[in-house]
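**Student:** Sharing a structure with you now.
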Amino acid sequence: MDCAGQSLHDALLGQRHPLPEDTVRAAMWQLLTGAKRMHGGHIIHRDIKPANILVGGDQIVRFCDLGLAVCMAEPPPYKAAGTMWYMAPEMLLGKPDYDALVDVWSLGCVMAELIGGDALFQGIDYEDQLCEIFGVLGVPDDATWPWFSATAFAAGMPELEKQRRRCKGSVLRCVFPESKLSEEGFDLLSGLLTCNPDKRLTAAAALRHPWFSKIQSQEVPKKEEAVSPLPKRPRRHAVCAT
C-alpha cells in the first residue's frame, strides 16, 4: 500500500474545482473493472470508499484494505459491515443475505463524490442515513421495492408515507444537473444508486453502459498537483423547481 500512492480521499481534498467528467469516467471504468473481477472471484469488499482507493503515479486506481471482505462461498447470514456513509440500503436495513451489489452501491457513492466533492449521504446513524438516502432518491414503495414496506424500519416510521406523498420522487438530477454530469453519466449514476438491489446495475452491466463508449485515458488527481484544500461546504438539501 505504501508503494501504490495516496488515497482518493486525500486527492479529493486538494481539488479546487470539480473533476472533469472524462476523469470521473476513467476512474469509474477502472473501479468497476476491479469490482467485476473481485465479484467474479466471489469476494465482496464491503468497505469501498475514497479512503480505501489508492491513486498511483501511473494514474491507476486500486482497491485496498480488504479487512472487512467476505467470501460469498460462505453462506449468509452476513452482518452489516463497512463505513455507514457508503453502505447500501439493504445492509442498513439489516438484510442478512445481501450480495456483491452492496459494493456497486458504494461505487455509486464514490462516483457522486468524485463529481460533487463531498459524500452524498451523511447520516449520523443508520436510521438517519436511510432518511438521507430517501430524501434524495425518494421513499421506496411496493412498486419500486416490494419488500421494503415489510421492514422494521418502514413499519416504525409512519411519517415515511407522508414524505412519499409530499415528495415527487428522486431529486438526484437536481443535485447533479446537466452542467455537472451528462445524460448518459447521470443514467449510469442512477443505475448504481438504485435502492432496490434487484434493480441495481451489476459491475459487469455498468461497464457495458453507453457512458463508457467514449472512455479516454484521463488522469486522476495527484496530490502534488493540488492547490489549497477546499473548505468544507455546508450541506444543503436539493429542492427541485416545480
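Values in this text are rule-based calculations from the coordinates and carry no lab data. This is a predicted model, so every value here is computed, not measured. Note: ideal-geometry Cβ built from the backbone for every residue, glycine included; neighbour counts use all protein chains shown.
**Student:** Which trypsin sites (Lys or Arg not before Pro) from region 6-114 combine a DSSP loop assignment with at most 12 other Cβ atoms within 10 Å?
**Tutor:** Details: sites: R16, R25, K36, R37, R46, R62, K79; in loops: R16, R46, K79.
The qualifying sites are R16, K79.
**Student:** Could you name the aspartates and glutamates whose alpha carbon sits less than 19 Å from that of K199, not counting residues in the same chain fewer than 8 places away?
**Tutor:** E90, D97, D99, D103, D141, D142, E184, D187
**Student:** Shape call for region 7-213 from the C-alpha gyration tensor, a ≥ b ≥ c root eigenvalues: rounded (a/c under 1.5), prolate (a/b greater than b/c) or oblate?
**Tutor:** Details: a/c = 1.69, a/b = 1.23, b/c = 1.38.
Oblate, since a/c reaches 1.5 and b/c is not below a/b.
**Student:** On a C-alpha basis, how far is the centre of region 177-218 from the centre of region 25-102 in Å? Whole number, if you could?
**Tutor:** If we compute the Cα centre of each part, the gap is 17 Å.
**Student:** Here is a follow-up. Tally Lys/Arg at +1 and Asp/Glu at -1 over every other residue whose Cβ is under 14 Å from the Cβ of P146; what's the total? Mind dumping the intermediate values first?
**Tutor:** Details: positive: K95, K199; negative: E90, D141, D142, D198.
It works out to a net charge of -2.
**Student:** Given +1 on the Cβ of Lys and Arg, -1 on the Cβ of Asp and Glu, and no further charges, what dipole in debye does region 7-213 carry about its Cα centre, rounded to the nearest 20? Intermediate values should be presented prior to the final figure.
**Tutor:** Numbers: 19 positive and 26 negative charges, 49 e Å.
Rounded to the nearest 20 debye, it is 240 debye.
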